[in-house]
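Asks: Here's a structure for you.
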Amino acid sequence: MDSRIQLLPILFNVSFDFIVRKVSEEAVIEGVKLAHGSSDFFHGKGETYELFELLVLMYADDLVAMFSSLQDLDKFILTSEKITQKYELTMSVKKTMTMSMEEFEVDSNGKLNKQKKIQHPDLNIVIRNQKVEITDKFTYLGCAISRDQKMKMELEARLTKATTAFNMLRNVVWYRKNVSISAKLKIFRSCVLPVLLYGSETWCPTVAQEKRFATFYMKCLRTLVGLNLGDRAPNQAILQITGQPAVEEIMRRNRLRWFGHVNIMVDDQDAATLVKKTIFSYLPNEKRPGNVGVRKRWEHKIIEDLEKSNVKNWRRETIDRDSWRAKINTIIETKPVNSRIKPIVQKYKSRADERRSREKKTDQGKAPRKVVEVLVKDNNKLCGCPNCKKKFKPQGITGHVRSCARDCCKKNNI
């Protein structure tokens, strides 16, 4: 390869950095001001902290700029257009978007009103006769970011992409009898799992969101060993016979791996770098409203991970990279596939077949009945669930009763 070609990415990064510095100097703008304290995660009232500014994130030819005011945003975009044109570069207007974070009104008592959002004025920024788009969500480096600062959109994107990656190999690998289960698991860990957990180092999922990831993960493992939900094999049994860790443990390892890597980011004077400051940063003059549930932050998730991983002194342990890597990797240590996996799978299959045959004999000669035929309607023509006693219209009670009152369904052949 020509040495000049190897230098092109470096030269572009240098020129891009020069352009951004010129823009910030000429526009005279400020980024988002954050505080970095001396006690890392724990911030008291008397803590001494250092204010620092976060203006832009740059990777290759992508850039994200952050501001506290709309005026600074307007000046930055217009100045960027002016400077890039001066140095014979062109900013793509189609790929340029603006987004404001979702905010709610706070009353005089400090209570948050989630029914009233703060409406920001629309920015009318026009560049080369094209208006800059205002959006509620965008994708940066493969990660979905939304103005409500929740993980729902990213979760859906990860599950969709991982499902596509898994289904592409369904007939090629997963259904092949001549491919061993050990080989299938290695391919799954190499081709599907990285797609599912891309960016998980910075996630702070809720319990419900973790369950959705676990559901997909276990569904994939069942397909690899040849089982399905009808065979009623417990999740723990699937993990034991395949020797795989739970997906929650993999996400925990990923968070701790990134946390340990960032914690040792210091400069020549042993001072924290910008990345380390950002990861331990907070807003010193802001207070969370007390009338709404406190949403967990990434730092809270890390504290939980450290406790569950039995890490006593992370400040000292993260300094030694090898020992830290060995400690967090024990969480997701994979084991060999059970040598008796085929007889175990066949046992679950046989049990399922026996159960289905018994159920078929029990119901033989009896036509299944409808839910509305068994339940009694009240004066308002509503039906009550036999289990939870909730009232439903006849059109909407069938699915609820089948999941909520299973014993009643079996008894009445529903």
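The values are calculated or read from the model by the stated rules, or taken from the named source; none is laboratory data. Remember, it's a predicted structure, so these values are computed and weren't measured experimentally. As a convention, Cβ positions derive from the backbone with ideal geometry for all residues, glycine included, and neighbour counts pool all protein chains shown.
Asks: In this structure, does G37 turn out to be out of contact with any Pro (no Cβ under 6 Å at 6 or more places or on another chain), loosely packed, with under 10 Cβ neighbours inside 10 Å and more than 23 Å from N124 (Cα to Cα)?
Replies: The answer is no for G37.
Asks: Same structure, new question: Does S80 meet the test of being closer than 29 Å to G142 by Cβ, at pLDDT 90 or above and more than 31 Å from the chain's Cα centre (by Cα)?
Replies: Criteria met by S80.
Asks: If I328 satisfies all but one of (1) part of a helix (DSSP H, G or I); (2) exposed (fewer than 11 other Cβ atoms within 10 Å of the Cβ); (3) at pLDDT 85 or above, what's the number of the condition it fails?
Replies: The one condition I328 does not meet is (2).
Asks: Please give the number of the condition T206 fails out of (1) of a type outside the set (D, E, K, R); (2) over 27 Å from M101 (Cα atoms); (3) surrounded by fewer than 17 Cβ atoms within 10 Å (Cβ to Cβ); (4) in contact with a Lys or Arg (Cβ under 9 Å, 6 or more places away or on another chain).
Replies: (2)
Asks: Return the only residue of V345, V337 being more than 28 Å from Q149 (Cβ to Cβ), modelled with pLDDT of 90 or more and not in a helix (DSSP H, G or I).
Replies: Checking each option against the conditions leaves just V337.
Asks: Using beta carbons and a limit of 6 Å, which pairs, at least six apart or on different chains, have the first residue in the stretch 120-136 and farther than 28 Å from E105 by Cβ and the second one in a loop (DSSP other than H, G, I, E, B)?
Replies: Taking only residues 6 or more apart or on different chains, the pairs are I127/V93; Q130/V93.
Asks: Kindly evaluate E53 against the criterion of being part of a strand (DSSP E or B) and not aromatic (F, W, Y).
Replies: In short, yes.
Asks: Within the bounds of the stretch 85-106, is there any residue that is farther than 30 Å from E201 by Cα, over 31 Å from the mean Cα position of the chain (by Cα), surrounded by 12 or more Cβ atoms within 10 Å (Cβ to Cβ) and without any contact (Cβ under 8 Å) to a residue 12 or more places away in the chain?
Replies: Within the stretch 85-106 (the criterion being farther than 30 Å from E201 by Cα, over 31 Å from the mean Cα position of the chain (by Cα), surrounded by 12 or more Cβ atoms within 10 Å (Cβ to Cβ) and without any contact (Cβ under 8 Å) to a residue 12 or more places away in the chain), the answer is yes, since at least one residue qualifies.
Asks: What is the residue count in the stretch 266-296 for residues that are under 21 Å from the mean Cα position of the chain (by Cα), hydrophobic (A, V, I, L, M, F, W, C) and either modelled with pLDDT of 80 or more or surrounded by 10 or more Cβ atoms within 10 Å (Cβ to Cβ) (or both)?
Replies: The total comes to 3.
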